[in-house]
Amino acid sequence: MDKTLVKGFAVLEALVRSDVPRGVADLAREMDLQKSNVHRTLQTLQNCGYVSSKGGLYSPTMKIWELGSLVIGRLDIKQVAGPVLATLTRQSGESVHLSLLDRGEVIYIDKLEGTHPVRAYSQIGGRAPCFCVATGKVLLAYQAEDAVHRVVASGLTRYTSKTITDRASLQRELVKVRANGYAINRGEWREGVWGVAAPILDASGTVTAALGVSGPANRYQPKALRTLIPLVCAAARDVSIRMGAPMQLEGVPA
């Protein structure tokens with residue numbers, strides 16, 4: 001790979017993920033690079049319109065958002081799923097996510113906030129490890145075995161006391177997800193945050209996305225789950241059918 005290009009993307013990603021503008025020395029320390037190297041990279045990014053500077057501090061420009069918006073705009077599923085997400089939010093009162101799988105992580109391409117005063121935090125464009133969130137487990141469950149192997153090989157990091165950290169347990173969980181047609185996150189990514197998700201299929205019957213709800217654990221007790229699970233599965237089925245999926249969706253409860 002072109003190391004200069006790789007460093008450039010790494011610096012840009014660091015700026016995008018930061019909540020505040022960053023200085024050269026700060027970025028150099030974080031990335032274990034020479035300050036002169038980071039400074040040259042930032043100057044190049046600035047000349048290309050991806051970065052702006054003020055008072056020696058650097059920030060990403062709206063050009064990042066413009067490019068990302070073009071990509072997301074081509075994802076028809078976001079537009080198709082929008083009304084369904086809105087209905088599910090009203091029905092459940094919970095925050096609703098639309099997720100895709102990307103290199104062992106889920107990326108949230110859309111989200112609607114729930115109506116409860118206490119909600120689970122996430123944001124559009126945010127990521128989470130696929131093996132410990134509900135939408136991620138749903139997406140991983142329908143991947144080929146080599147995709148699961150890559151996730152396991154990259155390390156099943158423990159985030160809470162509930163995180164699945166060994167291959168055998170993860171495999172059993174994925175089998176259960178396929179059998180049930182939905183997944184549950186029992187505080188495996190963030191302590192005290194639970195979620196329920198179901199798969200979305202495209203016209204070929206392939207699982208391409210996942211739809212889920214999340215919130216505080218005290219709202220996801222057995223009685224509530226008996227209500228939430230059918231709502232989430234019905235919403236995912238609705239989106240699937242709108243995407244042209246067959247009416248008989250294997251593994252997706254009617």
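Just so it is clear, none of the values below were taken in a lab; they were calculated from the coordinates. Keep in mind it's a predicted model, so treat the numbers as computed, not measured. Cβ coordinates were reconstructed from backbone atoms using ideal geometry, including for glycine residues, and neighbour counts include every protein chain displayed.
Brief remarks on what is shown
- Residue pairs, from the table K78/K223; K137/K223; K111/K137, whose Cα atoms sit over 24 Å apart: K78/K223
- For the stretch 75-242, the Cβ-based charge dipole about the Cα centre amounts to some 460 debye (Lys, Arg positive; Asp, Glu negative; other atoms uncharged).
- Helices in the chain, meaning DSSP H runs of at least 4 residues, each add -39500 (n - 2.57). Divided by all residues, the mean residue ellipticity at 222 nm is -14500 deg cm²/dmol.
- Taking the Kirkwood radius as Rh and the Cα radius of gyration as Rg, the stretch 1-144 has a ratio of Rg/Rh equal to 1.05.
- As a size descriptor, the averaged projected area of the C-alpha convex hull of the stretch 3-66 was calculated at 4.0 nm².
- With R₀ set to 41 Å, the beta-carbon distance separating D76 from S36 gives a calculated FRET efficiency near 0.35.
- Protection proxy ranking of 183-189, 151-157, 85-91 - average other beta-carbon atoms within 10 Å, highest first: 183-189, 85-91, 151-157
- Within-12-Å neighbourhood charge of G23 [Cβ basis; K, R +1; D, E -1]: +2
- Phi angles across the stretch 228-245 convert, under the Karplus curve 6.51 cos²θ - 1.76 cosθ + 1.60 with θ = phi - 60°, into 3J(HN,Hα) values of 5, 4, x, 5, 5, 5, 5, 5, 5, 5, 4, 4, 4, 5, 5, 7, x, 5 Hz, Gly and Pro given as x.
- Relative to the current alpha-carbon distance between K176 and A147, full extension at 0.36 nm per residue lengthens the span by 8.7 nm.
- For the chain, with +1 on Lys and Arg beta carbons and -1 on Asp and Glu, the positive-most of P222, I164, Y50 along the dipole: P222
- Averaging the sequence gap over all C-alpha pairs within less than 8 Å and six or more residues apart, then dividing by the number of residues, gives the stretch 75-242 a relative contact order of 23 percent.
- In a fully extended conformation the segment linking S18 and L57 would gain 12.8 nm over its present Cα-Cα distance, using 0.36 nm per residue.
- Each residue, R90 and A224, gets one label point 7 Å from its Cα in the Cβ direction; the gap between the two is 2.2 nm.
- Restriction of the trypsin sites (Lys or Arg not before Pro) in the stretch 12-75 to DSSP coil positions whose beta-carbon has at most 16 other beta-carbons within 10 angstrom yields R74.
- Volume per residue of the convex hull around the Cα atoms, evaluated for the stretch 118-254, comes out as 111 Å³.
- In this structure the amide hydrogen of G23, modeled in the peptide plane, comes within under 5 Å of the amide hydrogens of Y58, none closer than 5 places in sequence on its chain.
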